[in-house]
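Everything below concerns the one structure shown next.
The values are calculated or read from the model by the stated rules, or taken from the named source; none is laboratory data. All of these numbers come straight from a predicted model, not from anything done at the bench. Note: ideal-geometry Cβ built from the backbone for every residue, glycine included; neighbour counts use all protein chains shown. In case anyone asks, the SASA skips ligands and DNA or RNA and just uses the protein heavy atoms, side chains included. Shrake-Rupley method; radii C 1.70, N 1.55, O 1.52, S 1.80 Å.
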Amino acid sequence: PVLVESLLVFIVVLSVHAAVWDRFSWCALALALQAFYVQFKWDRLLQLGGAVFQFRGAANSGLLPASMVIPLLGLVMKERCRAAGSVYFERFGIVVASTGMLLALFLSVLAVGITKPVPTNTCILTGIAGSVIIYTMKQSLTVSEVIEVLEVLLIFVYLSMILLYLLPRCFTPGEALLVLGGVSFVLNQLIKRSLNVIEGRGDPIDFFLLVAVVGVVLLGLFFTVLFIFMDSGTWISSMFFHMMTAVLGLGVIMPWLYRLIQRNPLFWLLQFLFQTQTRVYLLVYWTFLAASACGVVFYQNTKRSSESKKHQASTITRKYFHFIVVATYVPGLIYDRQLLYVAAVLCLAVFIFLEYVRYFRIKPFGQTLRHLLSLFLDERDSGPLILTHIYLLLGMSLPVWLFPRSCAPKGTLPGAGALVPYSGVLAVGVGDTIASVFGSTMGEIKWPGTKKTFEGTMTAIFAQIIAVALILIFDSSVNLNSSYAWILASVSLVSLLEAYTTQIDNLLLPLYLQIMLMA
């Protein structure tokens, strides 16, 4: 399975390389080759228990697929923005690609350094790839861009040491690279923009995303350190939690956002949410869907109480939430993407805050949340945090958040790129859901070395093609310009990756589909 997963990633890398064909795409190819070899060193370290931190079990290291996501996203963004004539965002894409390569190299060097005996051949390959990448960065980046890349690396190192120690068994090395690398980049962007505020420059919704992500991460770090010294399950601790959340929110996060958008954040948010009648209708509809999701949780828990204490939700039951999320995102993508952008940010902040309440057993809802959500755990939730629902939200939202709006003057990219905001809906909402449902109920022929079935994968591809046809009918802004063969190849490749990867597919698949569609 690891070899097939690696082959699929190499096909994506070569596709992007063929589309971009510059010094950075050659660097991406070199990075993929060395990550392929180092991945086996990480796998061996995980098997022998010599990986410094405790990583998630029942999965390989995932170094190769995770290492290539950020560099490839940067490359395809650079190419799209160059074609659109946006020099600023072309340079931004180069910085993103360079940052992703340096973070992946750091993780590779770490694995090689702690492997005993030292693997000579892998060391040589990592050294050659690293030299090529660093030389290219030296020739291509300005001094300020080099400093920015090094700042992200420094933040990543510190965040990794803190969070991987505090949250054992929550991530594989590859997932840690993706999640912590993304958070490090967001934090650095927020610091950079806070120090260089120019009135009227920048979209408020982008600042809202940056402040929300950094705010909830800092909130979690603060309370994790605090509750080392006191019991979090008491009423006094719970009151202190709620009080300090209000203080940090109103005293730090709100003024920070005010400085960036130059207006009252609460008034701006209320005005934004209720600006048009369409937005009011969407908000009412989404409220109904949120209530339906809560109803599913309560109903399944009443079944557990009446049937058996050991009752666990089935795969099909867990996929109800995927259907609800698709029903949430599709109208937002068709009618108002900016509202969907902001609503997804708010939803992410609420999800993470509720996870803090559950994890720290904050009264009055902490213990109740533990009981309700334990029904929906699967083998990937082996650590102290329950992250699968947050990964589902991220997988659906990242294509919307990462869509290069400034490089799409008409609000959409030409050709297959028009489907980029739908990457999460197609890969996770439709493909992964249909594959799981049909594979678990009717699948008989298993892919070699995996539990996934041939029938599930084929049905997923077919369902995504139907979904693309429906998008063409209902979304008039989508014009594929006869790029149907590329879309079919992209969907098929990502569906095969879903069958073979042991990483969190909710996070990985939408990003790879976005890369392919943008390429």
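Quick notes
- S131 satisfies every condition listed in (1) more than 27 Å from Y500 (Cβ to Cβ); (2) in contact (Cβ under 8 Å) with a residue 40 or more places away in the chain except (2).
- Residue match in segment 13-32 (condition: surrounded by 21 or more Cβ atoms within 10 Å (Cβ to Cβ), closer than 22 Å to S492 by Cβ and in contact with an Asp or Glu (Cβ under 9 Å, 6 or more places away or on another chain)): yes
- Of all the criteria given as (1) open to solvent by less than 50 Å² (accessible area, probe 1.4 Å); (2) free of Cβ contacts under 8 Å to residues at least 12 places away in the same chain, the one not satisfied by V95 is (2).
- Assessment of segment 377-397 against the conditions (touching a Pro at 6+ places or on another chain (Cβ under 9 Å), under 21 Å from V326 (Cβ atoms) and either surrounded by fewer than 16 Cβ atoms within 10 Å (Cβ to Cβ) or aliphatic (A, V, I, L, M) (or both)) yields at least one matching residue.
- F323 being open to solvent by 50 Å² or more (accessible area, probe 1.4 Å) and aromatic (F, W, Y): yes
Let's see how each residue does on (1) out of contact with any Pro (no Cβ under 7 Å at 6 or more places or on another chain); (2) modelled with pLDDT under 90; (3) charged (D, E, K, R):
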{"position": "V225", "(1), (2), (3)": "yes, yes, no"}
{"position": "F229", "(1), (2), (3)": "yes, yes, no"}
{"position": "A246", "(1), (2), (3)": "yes, no, no"}
{"position": "L282", "(1), (2), (3)": "no, no, no"}
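- Of the helices (runs of 4 or more DSSP H) that lie entirely inside segment 227-285, those containing 1 or more residues that are among the aromatic types (F, W, Y) and closer than 21 Å to Q338 by Cα span 254-261, 265-273.
- Residue count for segment 441-462 under the criterion of being touching a Lys or Arg at 6+ places or on another chain (Cβ under 9 Å) and either closer than 13 Å to H322 by Cβ or surrounded by fewer than 20 Cβ atoms within 10 Å (Cβ to Cβ) (or both): the result is 2.
- Criterion (free of Cβ contacts under 8 Å to residues at least 40 places away in the same chain, surrounded by 14 or more Cβ atoms within 10 Å (Cβ to Cβ) and either more than 30 Å from A51 (Cβ to Cβ) or over 23 Å from the mean Cα position of the chain (by Cα) (or both)) met by exactly one of G249, G215: G249
- Segment 480-519, subset touching a helix residue (DSSP H, G or I) at 6+ places or on another chain (Cβ under 6 Å), among the polar types (S, T, N, Q) and outside any helix (DSSP H, G or I), residue surrounded by the fewest Cβ atoms within 10 Å (Cβ to Cβ): N481
- Considering (1) at pLDDT below 90; (2) in contact with a Lys or Arg (Cβ under 7 Å, 6 or more places away or on another chain), the lone condition that R201 does not fulfil carries the number (2).
Condition check ((1) part of a helix (DSSP H, G or I); (2) at pLDDT 85 or above; (3) touching a helix residue (DSSP H, G or I) at 6+ places or on another chain (Cβ under 9 Å)) across all residues:
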position: V12; (1), (2), (3): yes, yes, yes
position: A18; (1), (2), (3): yes, yes, yes
position: C27; (1), (2), (3): yes, yes, yes
position: A30; (1), (2), (3): yes, yes, yes
position: A35; (1), (2), (3): yes, yes, yes
position: Q39; (1), (2), (3): yes, yes, yes
position: V52; (1), (2), (3): no, no, yes
position: A58; (1), (2), (3): no, no, no
position: L64; (1), (2), (3): yes, yes, yes
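- Filter result for S477 (open to solvent by 10 Å² or more (accessible area, probe 1.4 Å), at positive phi and not hydrophobic (A, V, I, L, M, F, W, C)): no
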